[in-house]
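The structure appears right after this line, and notes come after that.
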Amino acid sequence: MNIRPVESTDLTDWVNMRSELWPKHQTHHPAELADYFSGRSIDIVETFVVEIAANKLVGFIELNIRNFAEGSRSSRIPYIEAWFVKPEHRGKGYGQALIRQAESWAMKEGFEEIASDTELHNHKSIALHKQLGFIETERIVCFLKSLKQT
């Protein structure tokens, strides 16, 4: 297993894994990742992938720097925006290795905390976060209202 920064040659695999994670947003992935590789992304600062054989990627983690995270007093905090391991490769330590790499990167960048989130119904993710040392800070329900005239 090799945890390494994503490379432009990984684009197809990265798009495919993101599509597994967020199937409703498949059409947006190529443009978002093109922005990342061109240095224009506002949503992804760093990404690491799990490579288990030459050019065989089975997971990734995307990090951003946010100005706020629930439970943190930091004005800038690394935030795990995406964390994914292909279902057939789960339970082998790849997800934990991605988190450890993200933590190492954040510490090298001078940060003292890292934040993440998951959906309320994702009990496996909640348990895994806690197992890896994350502390639950809040449970929220988010709302959005369109202000366009219909």
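The values are calculated or read from the model by the stated rules, or taken from the named source; none is laboratory data. What you are looking at is a predicted structure, and each value in this text was computed from that prediction instead of being measured. Using ideal geometry, Cβ is built from the backbone for each residue, glycine included, and neighbour counts are taken over all protein chains shown.
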Test: I114 is out of contact with any Lys or Arg (no Cβ under 9 Å at 6 or more places or on another chain), modelled with pLDDT of 95 or more and β-branched (V, I, T) | yes
Can you tell me which residue in the range 66-111 is nearest to the chain's Cα centre (by Cα), limited to those that are charged (D, E, K, R) and within 22 Å of W22 (Cβ to Cβ)?
-> E81
For the range 1-37, name all the residues that are under 24 Å from K108 (Cα atoms), touching a residue at least 60 places away in the same chain (Cβ under 8 Å) and not in a loop (DSSP other than H, G, I, E, B).
-> I3
Just for the range 112-150: of the residues that are over 18 Å from the mean Cα position of the chain (by Cα) and among the hydroxyl-bearing types (S, T, Y), which one is farthest from N64 (Cα to Cα)?
-> T150
Restricting the search to the range 78-96, which residues are hydroxyl-bearing (S, T, Y) and under 22 Å from E113 (Cβ atoms)?
-> Y79
Of the residues that sit in the range 16-37 and are modelled with pLDDT of 90 or more and touching a Lys or Arg at 6+ places or on another chain (Cβ under 9 Å), which one is surrounded by the fewest Cβ atoms within 10 Å (Cβ to Cβ)?
-> E20
Output the residue which, of all residues in the range 53-67 that are of a type outside the set (S, T, N, Q) and touching a Lys or Arg at 6+ places or on another chain (Cβ under 9 Å), is surrounded by the most Cβ atoms within 10 Å (Cβ to Cβ).
-> E62
Among the residues of the range 38-60, count how many are over 22 Å from R76 (Cβ atoms) and either assigned to a strand (DSSP E or B) or modelled with pLDDT of 95 or more (or both).
-> 10
Inter-residue pairs, beta-carbon under 6 Å, first in a loop (DSSP other than H, G, I, E, B) and in the range 129-142, second of a type in the set (G, A, S), 6+ apart | T137/G71
For R73, the lone unmet condition from (1) over 18 Å from D117 (Cβ atoms); (2) surrounded by fewer than 16 Cβ atoms within 10 Å (Cβ to Cβ); (3) out of contact with any strand residue (DSSP E or B) (no Cβ under 8 Å at 6 or more places or on another chain) is (1)
